[in-house]
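A.B. asks: Just passing along the structure, written as structure tokens.
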Amino acid sequence: MSDNPVFDRIKTEVSDNDVVLFMKGTPVFPQCGFSNAVVQVLTYLGVPFKGIDVLADDDIRNGIKEFSDWPTIPQLYVKGEFVGGCDIVREMFEQGELRDYLAAKGIETQAA
């Protein structure tokens with residue numbers, strides 16, 4: 001692993017879970033509109049995912065931005081790969097690309 005224990009924790013989460021959303025709040029109670037928007041997209045698609053509340057852990061909140069070299073939260077990871085934040089996820093969803101991306105990664109979706 002690395003010399004950074006926060007990065008090690010993040011790496012473990014994204015490798016142990018097929019779909020991970022680093023977000024403000026929880027999937028049941030998002031604490032910002034951007035996190036809520038990504039939760040709604042994933043829920044609509046019927047994709048099971050693990051939500052990690054960055055508000056509950058400042059180390060993760062700051063570390064995830066450095067880990068991904070992406071300045072904002074939420075951040076979506078699929079099969080260990082960084083997908084993007086709210087705008088990217090929403091655009092991929094609206095263009096039908098997100099379902100294709102998930103399928104290519106072996107993640108089943110439920111919505112028609």
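Throughout, read-outs are computed from the coordinates displayed, never taken from laboratory work. Remember, it's a predicted structure, so these values are computed and weren't measured experimentally. No Cβ is skipped: glycine too gets one built from the backbone with ideal geometry, and neighbour counts run over all protein chains shown.
A.B. asks: Order of MET92, MET23 from fewest to most other C-beta atoms within 10 Å?
C.D. replies: Least to most surrounded, the residues fall as MET92, MET23.
A.B. asks: A further question follows. Once you keep just the Cα pairs under 8 angstrom separated by 6 or more residues, what percentage relative contact order results for the chain?
C.D. replies: 31 percent
A.B. asks: Between the DSSP loop rule and a limit of at most 14 other Cβ atoms within 10 Å, which trypsin sites (Lys or Arg not before Pro) in segment 6-37 are left?
C.D. replies: Working: sites: ARG9, LYS11, LYS24; in loops: LYS24.
Passing both the DSSP loop test and the Cβ count: no residue.
A.B. asks: For PHE7 and GLN31, calculate 0.36 nm times their separation in residues minus their Cα-Cα distance, and state this gained length in nm to one decimal.
C.D. replies: 6.3 nm
A.B. asks: Report the Cα centroid-to-centroid distance between segment 34-67 and segment 92-112 in angstrom, as an integer.
C.D. replies: 18 Å
A.B. asks: For the chain, give me the percentage of DSSP beta bridges that are antiparallel, rounded to the nearest 5 percent.
C.D. replies: Within the chain, antiparallel bridges account for around 65 percent of the total.
A.B. asks: Continuing with the same structure: Looking at segment 63-110, which GluC sites (Glu not before Pro) are DSSP coil and have at most 15 other C-beta atoms within 10 Å of their C-beta? Could you put the intermediate results ahead of the total?
C.D. replies: Working: sites: GLU66, GLU81, GLU91, GLU94, GLU97, GLU108; in loops: GLU108.
Sites meeting the loop and neighbour criteria: GLU108.
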